[in-house]
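Chemist: Dropping a structure here in structure tokens format, bear with me for questions.
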Amino acid sequence: MNVHNLNLNPIISLEMRSSLTILLCFVILILQAQKQTPTQYIERYKELAVIEMHRSGVPASITLSQGVLESSSGNSRLAKYANNHFGIKCKGSWTGKTIYANDDAPDECFRAYPSVLESYKDHSDFLRKNWRYHELFELKITDYKGWCHGLRKAGYATNPQYGKILINLIERYELNQYDTQKLPQKEASKEGEKINGIPVKIASKDETVRTIAEENYLKDKHIRKWNDLPKDEEIKPGEIIYLKPKRRRGAEEKHIVTSTDNMRGISQAYGIKLKHLYKKNRMETGTEPKEGEVLYMQKKRATDDPVKTQIQKPNWEEEKKFINPSAVNQSIIDSTKFNNPGAINKVSIDVPDFHVISKGDNIYRIAEKYHVFEEDILKWNPGLNPNAMQIGQKIILKEELVDLNNLGEEKVKNQPIENSARDLKKMDTEEMQKDIAVDGTMTHLVVKGDTLYNICKRYDVTVDQLKEWNNLENITIQIGQKLIVSP
């Protein structure tokens, strides 16, 4: 019996170790697969939204609710790969980097940003520069309902319940509390600033490697090693200096290379060791990536996905000052101009009483030409079918010319048809689902125009998942049906 015990114990011990190892790996995989929740997203970016509110006049509640909705709380492909948190498409005026994704049509062009901060700034500027949103800036900063309905009317999204969804998010997470907050102030801390959990300091004028080392009871060689500084090179004012070793993984999952980037700068920006940044991207040490390349900072890239590199290294003297997108600090406030944005300077458009449809016209082009909302055009022309407009057809462009109780032949040439705007007025919108984008089960109420494919795109799920969660045997859905879009 003793002999059996002596032989069996090592075997049992080995099996237990193996089981524990497998269990640990499984737990790690589960934790890595967890998505960021709306609450976590709001906590992470609330200060950035407040800063943008003071710079641009866009309420922080609007910015945060749109960020949660449009980026799926930072989990969407656009957010992860392009730092695009608001689903803004390229449009004709965009000259920056781009990414392509399926939306209203396959392979649509979306804007890509070097950081989340740039996405937030561009979102504010996009609203201020586009005539469709000008009237919103005349509302009080605390009128979040007016902003939400105005965004929907202006066509920010195609979902007719867009304004309702935003209001639901704002009220559920009490985002309107941030609309009255002052600019965040830098709090004094003995540990100082951190990036990727590592203490750092921003070098000021006249500081050197030696003075920083002495101030923090370190050796010169430690500062140089931890910051990948060559032996004879000195630090520059505004440069990030790490006071402890950087990590093997970066603070963000990926980074899109800009024209001013280099590998050391990216390593410093995200707190990842330079040698590990090269290893994770299977790059030869000393090479530099081309503009527009996507670098991995938390997992190793595939062997069949090589990084395109430059022939010459960029000049480090031209490196753009990095602003950490994950931790808003005083440096952002100090570098931002906070002039009271006030009212928008509207462009004066001479709007005629009517527009006669010509070849190539559609309702969107007509709206853009006269700075009139499509919704208003449909309201003023209740017999108008936007999908069957005829050359020579006359369309009313001013509300005062419309008498809805006494429509004349001159004003309506087609038989009245149903349109989504009129149908929605008949629906009890107060009964619309209230559990959109929450921490937990999410549902979607089917409205006119919805398809299973579009719903899947909106919530970043597959058709098979939607069918399984809702016990659907086919892809047929009905108006008023409530679908579970996240278990």
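Chemist: If you go through region 110-121 one residue at a time, do you hit one that is surrounded by fewer than 15 Cβ atoms within 10 Å (Cβ to Cβ), on the phi < 0 side of the Ramachandran plot and touching a helix residue (DSSP H, G or I) at 6+ places or on another chain (Cβ under 8 Å)?
Modeler: For region 110-121, residues surrounded by fewer than 15 Cβ atoms within 10 Å (Cβ to Cβ), on the phi < 0 side of the Ramachandran plot and touching a helix residue (DSSP H, G or I) at 6+ places or on another chain (Cβ under 8 Å): absent.
Chemist: I'm trying to understand the selection: among the residues of region 261-289, which are surrounded by fewer than 16 Cβ atoms within 10 Å (Cβ to Cβ) and within 24 Å of the chain's Cα centre (by Cα)?
Modeler: Matches in region 261-289: none.
This table checks each residue for (1) free of Cβ contacts under 8 Å to residues at least 60 places away in the same chain; (2) in a helix (DSSP H, G or I).
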site	(1), (2)
SER73	no, no
ALA79	yes, yes
HIS85	yes, no
TYR113	no, no
HIS123	no, yes
THR142	no, no
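Chemist: Let me ask you something else. State yes or no: is ILE235 within 24 Å of GLU207 (Cβ to Cβ) and not in a loop (DSSP other than H, G, I, E, B)?
Modeler: No; evaluated as a whole, the condition is false for this residue.
Chemist: Looking at region 381-399, is at least one residue closer than 24 Å to TRP131 by Cα, at pLDDT below 85, touching a Lys or Arg at 6+ places or on another chain (Cβ under 9 Å) and not in a loop (DSSP other than H, G, I, E, B)?
Modeler: The answer is yes, given that some residue of region 381-399 is closer than 24 Å to TRP131 by Cα, at pLDDT below 85, touching a Lys or Arg at 6+ places or on another chain (Cβ under 9 Å) and not in a loop (DSSP other than H, G, I, E, B).
Chemist: In this structure, is VAL58 crowded, with 22+ Cβ neighbours inside 10 Å, over 14 Å from the mean Cα position of the chain (by Cα) and closer than 30 Å to VAL372 by Cα?
Modeler: Criteria met by VAL58.
Chemist: Go through the residues of region 304-317 one by one and say whether even a single one is basic (Lys, Arg), closer than 24 Å to ALA112 by Cα and in contact (Cβ under 8 Å) with a residue 60 or more places away in the chain.
Modeler: no
The values are calculated or read from the model by the stated rules, or taken from the named source; none is laboratory data. The structure displayed is predicted, hence computed values, not measured ones. Cβ coordinates were reconstructed from backbone atoms using ideal geometry, including for glycine residues, and neighbour counts include every protein chain displayed.
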